[in-house]
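What follows is a set of notes on a single structure, which appears directly below.
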Amino acid sequence: MKNTLVVGGAGYIGSQVNNLLNERGYKTVVFDNLSTGHRRLASRGGFLKGDLGDPADLARCFKKYRFSAVMHFAAFAAVGESVSDPAKYYRNNVANTLNLLDAMRSAGVKNLIFSSTAAVYGEPIKTPIGEDHPLSPVNPYGRTKLMMERAMADYGAAYGIQYVALRYFNAAGADPQGETGELHNPETHLIPLVLDAAAGRRECITVFGSSYKTPDGTCLRDYVHTADLAQAHLLALRRLERGGESGVFNLGNGKGFSVLEVIKAAEKVTGRKIPVKLAPRRAGDPAILVASSSLARRVLGWKPEYAALETIIDHAWRWHKKQRG
Ligand code: UDP
């Protein structure tokens with residue numbers, strides 16, 4: 001049996017997928033430079049410390065193992081930071097990812113599953129957003145992911161690489177078994193920051209913008225559990241293994257929650273009062289991002305198991321308490 005290469009498998013979503021693949025009998029090798037990932041989260045399968053920015057590291061990895069597929073999670077994903085430091089995003093999310101594609105070409109590996117994002121759409125002109133919605137990202141993060149979707153299509157046509165791009169909406173929650181979860185430093189994502197505030201680790205949660213054209217003025221997002229994202233990766237891998245065509249799929253629950261609704265749900269889950277401070281908008285944030293994932297459901301057979309916001313927050317809270325006591 002050949003291996004699946006999990007690039008970025010020591011990170012938040014990659015580690016969850018790596019665990020699931022191992023549970024389902026796949027052999028995996030995690031490739032990660034541990035710049036933001038954690039070695040202890042990549043607890044299953046093989047591990048190789050390496051950097052996508054160094055083609056020699058990739059050559060070493062592809063020489064040591066034979067792969068039938070690659071999954072790529074090793075990207076930067078903070079919208080605000082992509083606006084203030086775009087060079088970091090173009091370097092890693094584009095240039096380094098091209099190194100990975102070239103290493104796949106050299107080794108003759110044809111199947112790629114790529115972590116894309118709802119940020120490729122930009123400010124939606126209709127909602128929920130289907131995959132046929134115009135692609136007009138409003139921040140560098142979204143632009144880097146769109147560039148890679150286009151590069152994969154071109155590499156696919158010219159070199160026969162089959163790919164599935166999964167456009168995650170707001171990845172959230174933690175492994176229901178408690179083995180892996182979010183450990184970003186610094187943390188920028190809403191739910192872990194809200195939980196820090198609930199735990200008294202921060203004074204309050206800052207709400208970025210309260211005059212958006214939404215029912216309560218704060219941004220609406222479609223939060224999707226990482227365990228459900230992991231299932232979608234497994235289904236996408238099976239599709240490519242069966243010789244299925246390349247494709248692009250949204251992954252979300254089709255329901256938007258405002259920042260204030262997330263805070264309220266977190267108060268309910270944690271039983272604690274969470275102080276809120278209103279602040280100006282964050283650069284690069286669209287008002288509403290809600291997915292239509294009917295294509296993933298129909299074509300991949302994806303059925304999210306943990307769609308309820310309170311379940312997502314409950315799993316994140318359990319992980320939070322386990323890490324920080
Ligand atoms: N947000 C916020 N305060 C924070 C962090 C995030 O109000 O401290 C808002 C952010 O502006 C966005 C939503 O929460 O509307 C989700 O942001 P996050 O960074 O979690 O994910 P993104 O949508 O950028 O992928």
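The values are calculated or read from the model by the stated rules, or taken from the named source; none is laboratory data. What you are looking at is a predicted structure, and each value in this text was computed from that prediction instead of being measured. Note that we place each Cβ from the backbone using ideal geometry, even for glycine, and neighbour counts take in every protein chain shown. These area figures cover heavy atoms from the full protein model, side chains too; ligands, DNA and RNA do not enter into them. Shrake-Rupley method; radii C 1.70, N 1.55, O 1.52, S 1.80 Å.
Within the stretch 97-114, residues that are over 13 Å from residue 62 (Cβ atoms) sit with their Cβ atoms under 8 Å from residues that are among the charged types (D, E, K, R) and in a helix (DSSP H, G or I), at 6+ positions apart or across chains, in these pairs: 111/241; 114/149.
Only residues that are surrounded by fewer than 16 Cβ atoms within 10 Å (Cβ to Cβ) and either within 16 Å of the ligand (Cβ to nearest atom) or more than 20 Å from the chain's Cα centre (by Cα) (or both) were counted in the stretch 283-298, giving 2.
Based on this model, can you work out whether residue 168 counts as within 15 Å of the ligand (Cβ to nearest atom) and in contact with a Cys (Cβ under 7 Å, 6 or more places away or on another chain)? No; evaluated as a whole, the condition is false for this residue.
Scanning the stretch 129-145 for residues that are away from the ligand (no atom under 12 Å from the Cβ) and either polar (S, T, N, Q) or surrounded by fewer than 21 Cβ atoms within 10 Å (Cβ to Cβ) (or both) gives 130, 131, 132, 133, 134, 135, 136, 144. In the set (1) under 26 Å from residue 231 (Cα atoms); (2) within 16 Å of the ligand (Cβ to nearest atom); (3) open to solvent by less than 10 Å² (accessible area, probe 1.4 Å), the condition left unmet by residue 82 is number (1). Residue by residue through the stretch 227-254, note down the ones that are of a type in the set (A, V, I, L, M) and out of contact with any Lys or Arg (no Cβ under 9 Å at 6 or more places or on another chain). Those that are of a type in the set (A, V, I, L, M) and out of contact with any Lys or Arg (no Cβ under 9 Å at 6 or more places or on another chain): 227, 229, 230, 232, 235, 236, 237.
Taken across the stretch 28-36, residues that are part of a helix (DSSP H, G or I) and touching a residue at least 60 places away in the same chain (Cβ under 8 Å) do not occur at all. Among the residues making up the stretch 37-80, a single one is aromatic (Phe, Trp, Tyr) and free of Cβ contacts under 8 Å to residues at least 40 places away in the same chain: 47. Looking at the stretch 63-79 only, could you name the residues that are over 21 Å from the mean Cα position of the chain (by Cα) and open to solvent by 30 Å² or more (accessible area, probe 1.4 Å)? Passing the criteria: 63, 64, 65, 66, 68. Picking from residues in the stretch 207-238 that are of a type in the set (A, V, I, L, M, F, W, C) and either open to solvent by 10 Å² or more (accessible area, probe 1.4 Å) or near the ligand (Cβ under 9 Å from one of its atoms) (or both), the one that is farthest from residue 261 (Cα to Cα) is 235. Go through the residues of the stretch 250-260 one by one and say whether even a single one is surrounded by fewer than 22 Cβ atoms within 10 Å (Cβ to Cβ), at positive phi and within 12 Å of the ligand (Cβ to nearest atom). Within the stretch 250-260 (the criterion being surrounded by fewer than 22 Cβ atoms within 10 Å (Cβ to Cβ), at positive phi and within 12 Å of the ligand (Cβ to nearest atom)), the answer is no, since none of the residues qualifies.
Matching residues to (1) closer than 22 Å to residue 175 by Cβ; (2) out of contact with any helix residue (DSSP H, G or I) (no Cβ under 8 Å at 6 or more places or on another chain); (3) of a type in the set (S, T, N, Q):
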| site | (1), (2), (3) |
| --- | --- |
| 8 | yes, no, no |
| 21 | yes, no, no |
| 30 | yes, no, no |
| 37 | yes, no, no |
| 50 | no, no, no |
| 56 | no, yes, no |
| 62 | no, no, no |
| 71 | yes, no, no |
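Screening residue 186 on (1) away from the ligand (no atom under 12 Å from the Cβ); (2) more than 15 Å from residue 17 (Cβ to Cβ); (3) surrounded by fewer than 20 Cβ atoms within 10 Å (Cβ to Cβ) shows it passes everything except condition (1).
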